[in-house]
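A quick write-up on the structure given underneath.
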Amino acid sequence: MKKRLTLLGSTGSIGESTLDVVARHPDRFSVYALTAHRNGDKLVAQCLRFQPEVAVVGDAETAARVAAQLRDAGCKTEVAYGPQALVDASQSVQCDTVVAAIVGAAGLAPTLAAARAGKRILLANKEALVMSGAIFMDAARDHRATLLPVDSEHNAIFQCLPRENEPRGGVSKIILTASGGPFRTREPATLVDVTPEEACKHPNWVMGRKISVDSATMMNKGLEVIEAHWLFDLSGERIEVLIHPQSVIHSLVSYVDGSVLAQLGNPDMRTPIAHALAFPERVDSGVAQLDLAQIASLSFEKPDYSRFPCLALAMKALEEGGVASAALNAANEVAVDAFLSRKIGFMAIAQTVDAVLNGLSNREPSGLDDVLEADAAARRAAAAFIDTHLAGARR
Ligand code: NAD
Ligand code: MG
């Protein structure tokens with residue numbers, strides 16, 4: 001049966017890659033809803049091509065503009081706006097699959113709504129899971145939602161782990177690979193001076209700005225360790241990070257008998273997206289076959305925690321539990337925003353997150369409200385730290 005999709009964050013990097021795969025298989029996939037924040041023009045173009053029933057944007061003004069353009073073009077897509085409209089699009093009985101590709105905490109409510117509605121969820125929005133952890137996983141289990149990881153490392157691990165009904169006892173650990181980002185070999189003393197443009201220039205992947213900065217600080221890998229903990233139910237000690245600059249091996253699973261299984265491919269998100277879209281079948285993703293002879297060599301090294309303090313901070317937050325991961329994520333979002341708008345320097349991102357975690361009075365969240373409260377408090381603390389200690393200090 002044809003899968004009917006709600007694509008949250010369709011105008012982003014993951015959103016566009018998803019639509020590229022969807023367009024290759026009109027017999028398998030159709031689009032129920034597309035959502036964007038402010039990029040109305042791109043959303044209009046997507047609606048004209050994919051003819052969804054619903055399009056959602058962030059505010060009334062963009063909605064009016066998008067609706068007028070669609071009407072003029074004779075397109076029947078209905079336009080809605082705001083957070084509740086995202087939730088409605090996610091839980092609608094008219095869709096069976098939700099691609100969660102909004103960036104940051106803004107994606108939590110609609111992604112959680114998809115879990116509670118028992119959808120098949122293709123998860124790219126790692127921040128939603130990092131924030132809500134057990135609450136999200138419990139909702140998915142209680143409502144029989146199916147979670148399929150789109151993040152390339154987690155998709156790789158998913159492919160290398162035993163299937164659901166096979167014994168998991170033989171798994172000793174999982175190994176998340178990391179490219180090391182654009183500053184892997186840069187002189188550490190010069191990191192304070194890097195610009196947003198340099199930070200967003202990833203050697204292997206083209207991605208949204210927030211995740212590009214996260215890759216440069218390696219907070220992205222830290223968030224991914226937390227994401228892996230929840231997705232695969234493994235303690236932090238059984239999740240290892242390995243630097244692999246070529247981004248060809250997307251991650252590995254070690255077994256007690258000494259076997260190590262890995263998933264390889266060209267660094268193109270259409271592979272994990274196509275895998276999750278079609279699972280358990282396989283479909284063409286448009287990605288070229290891997291040519292190992294041409295790549296010739298693959299290399300590996302241990303992560304350098306002093307160069308990348310954000311990675312250590314994320315691991316500490318995971319170990320602390322409670323709302324520490326939610327606070328880490330919120331502080332990081334505020335700090336990355338401040339860096340991208342040139343309010344603070346690159347190394348100040350880690351400083352901000354560290355300060356917020358140090359000031360946190362941690363507790364076990366009893367529900368989503370506690371998580372949202374911790375998120376809001378961490379945002380306030382991060383903004384105050386930046387204003388008091390950092391603003392104006394750098395470009
Ligand atoms: P992006 O910035 O390119 O796109 C983000 C999308 O979210 C856009 O469609 C935007 O309109 C929407 N959006 C932003 N703020 C919003 C808000 N407040 N409310 C509603 N919608 C909003 O980001 P991306 O690179 O596509 O990443 C999306 C998610 O996928 C992130 O969580 C990222 O960590 C994850 N991810 C991305 C990649 C990648 O290669 N880009 C790989 C793995 C995981
Ligand atoms: Mg990843």
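Numbers for the structure displayed
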item: Relative contact order for the range 151-311, counting Cα pairs under 8 Å that sit 6 or more residues apart, in percent; result: 32 percent
item: Those trypsin sites (Lys or Arg not before Pro) in the range 1-89 that DSSP places in a loop and that have at most 13 other beta carbons within 10 Å; result: Lys2, Arg38, Lys76
item: Rounded to 5, percent antiparallel among DSSP beta bridges of the chain; result: 30 percent
item: Pairwise FRET efficiency - Thr388 versus Arg24, Cβ, R0 = 45 Å, nearest 0.05; result: 0.30
item: Magnitude of the charge dipole, the range 28-132, Cβ model with Lys/Arg +1 and Asp/Glu -1, debye to 20; result: 300 debye
item: Those trypsin sites (Lys or Arg not before Pro) in the range 107-164 that DSSP places in a loop and that have at most 16 other beta carbons within 10 Å; result: Arg144, Arg163
item: Relative contact order [Cα under 8 Å, 6+ residues apart], the chain, whole percent; result: 14 percent
item: Among Val87, Val213, Val56: highest mean-square fluctuation, GNM of the chain, C-alpha pairs under 10 Å; result: Val87
item: Cα-centred dipole magnitude for the chain, charges only on beta-carbon of K, R (+1) and D, E (-1), debye, nearest 20; result: 620 debye
item: Residue among Ser92, Ser179, Ser306 with the largest mean-square fluctuation in a Gaussian network model of the chain, springs linking Cα atoms under 10 Å; result: Ser306
item: Gaussian network model of the chain, Cα within-10 Å springs - most flexible of Asp72, Asp214, Asp233; result: Asp72
item: Top positive-direction residue, dipole computed over the range 124-265 with Cβ charges, set Trp230, Ile135, Gly180; result: Gly180
item: Percentage relative contact order, the range 297-395, counting C-alpha pairs under 8 Å, at least six apart; result: 35 percent
item: Diffusion constant of the chain at 10 °C, which comes from Stokes-Einstein with the Kirkwood Cα-pair radius and 1.306 mPa s, µm²/s; result: 74 µm²/s
item: GluC sites (Glu not before Pro) within the range 248-357, DSSP loop, no more than 15 other Cβ atoms inside 10 Å; result: Glu281
item: Distance between modelled label sites at Asp257 and Arg186, nm, 7 Å Cα→Cβ extension; result: 4.5 nm
item: The chain, helix-only ellipticity at 222 nm - DSSP H runs n ≥ 4, -39,500 (n - 2.57), divided by all residues, nearest 500; result: -13500 deg cm²/dmol
item: Distance between modelled label sites at Asp41 and Arg363, nm, 7 Å Cα→Cβ extension; result: 4.8 nm
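Quick note: the coordinates plus some simple rules give every number you see, no bench work behind them. Everything numeric in this text was worked out from a predicted model, so none of it was measured. Reconstructed Cβ throughout: ideal geometry from the backbone, glycine too, with neighbour counts over all protein chains shown.
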